[in-house]
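For reference, the structure is listed below as structure tokens.
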Amino acid sequence: MPIKNVRGSDSFGAVHALCYSPGASWMLGGGSPVATSPYAPSRSGGTRLISEIVSVSADRTAVEPKSWPITPAGGTITPPPGTEPPTTEPPGTGDTPSTWATTGVDAAIAAGLVPLSLQSGYTNQITRAEYCALAVMLYEEYTGAEITGRSVFIDTNDVNVEKMAAVGVVEGVGENRFDPDGLLRREHAATMLSRLAEALMKPLNRRAPTFTDNAQISVWAFEQVGQVQAAEIMSGIGNNLFSPKGAYTREQSIITMIRLWNKA
């Protein structure tokens with residue numbers, strides 16, 4: 001597939017995530033052409049001066065937090081599978097994503113997948129209701145239609161929770177309660193991602209997980225963890241560990257949502 005979306009910084013340091021249309025070259029900040037492309041910035045016209053290409057997506061190819069070279073005209077760039085942050089990765093300030101997550105988070109925001117309420121506090125552990133908000137954004141953006149069904153709980157009137165329950169992505173915790181402020185764990189996230197893929201009619205292939213701590217994964221989440229691992233939507237935390245009961249942050253949630261988006 002041809003390259004359609006390029007994210008980079010121009011000579012003034014501004015960051016761009018633009019759709020490219022026929023007709024110009026990419027150039028480095030110094031002005032030397034390094035490659036030509038059949039696509040040029042459609043919002044500005046002509047050739048945009050790019051000082052660094054920090055990510056490229058071919059249609060919905062995954063955008064990863066790495067720098068990529070510019071390819072010749074008509075080429076494609078397919079980044080290798082992403083990994084989650086190493087345990088030594090310093091966190092962000094909260095109002096900005098961690099370094100490893102910046103590009104993916106920016107791409108998700110540009111794609112309209114992140115509600116304004118979750119565009120801060122990136123290193124905070126995400127709640128069950130907040131995760132539903134991300135899932136609804138992805139579902140409705142992908143399908144182009146609002147979810148009209150509602151499933152209600154006695155402890156919340158959050159419309160995003162009701163929508164995700166209606167399409168089978170989330171369930172309650174018992175006695176018709178959802179626990180909207182409950183903190184999400186990694187195995188919960190894996191299960192919701194798998195169900196969301198099914199709701200989009202893009203089910204993930206069945207695979208058993210291959211983590212060293214497989215025995216710690218709950219029975220109800222075992223297959224789903226294997227699915228998101230095989231699809232390279234979620235990976236481990238290092239040393240082949242998944243940490244199923246471990247915390248899950250807003251930025252991690254956003255990154256895995258953009259990966260699912262790119263797979264759909």
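The values are calculated or read from the model by the stated rules, or taken from the named source; none is laboratory data. Values in this document were obtained by computation on a predicted structure and should not be read as measured data. Ideal geometry is used to build each Cβ from the backbone, glycine not excepted, and the neighbour counts take in all protein chains shown.
Is it fair to say ASN205 is touching a strand residue (DSSP E or B) at 6+ places or on another chain (Cβ under 6 Å) and among the polar types (S, T, N, Q)?
no
Is it true that some residue in region 132-144 is touching a Leu at 6+ places or on another chain (Cβ under 8 Å) and among the β-branched types (Val, Ile, Thr)?
For region 132-144, residues touching a Leu at 6+ places or on another chain (Cβ under 8 Å) and among the β-branched types (Val, Ile, Thr): present.
Of everything in region 131-145, what is more than 18 Å from LYS245 (Cα to Cα) and either not assigned by TED's automatic domain parsing to the domain that holds ILE254 or not in a loop (DSSP other than H, G, I, E, B) (or both)? Give them in sequence order.
The answer is CYS132, ALA133, LEU134, ALA135, VAL136, MET137, LEU138, TYR139, GLU140, GLU141, TYR142, THR143.
Considering each of SER194, SER235, SER253 in turn, give the residue that is at pLDDT below 95 and either assigned by TED's automatic domain parsing to the domain that holds ARG150 or in a helix (DSSP H, G or I) (or both).
SER235
Could you tell me which residue of region 197-220 is nearest to SER243 (Cα to Cα), considering only residues that are in a helix (DSSP H, G or I) and within 18 Å of the chain's Cα centre (by Cα)?
ALA197
Just to be sure before I move on: is GLY121 modelled with pLDDT of 95 or more, of a type outside the set (A, V, I, L, M) and closer than 23 Å to ALA199 by Cα in the structure I sent?
no
Can you pull out every residue in region 164-205 that is among the charged types (D, E, K, R), free of Cβ contacts under 8 Å to residues at least 40 places away in the same chain and crowded, with 18+ Cβ neighbours inside 10 Å?
ARG195, the sole residue that qualifies.
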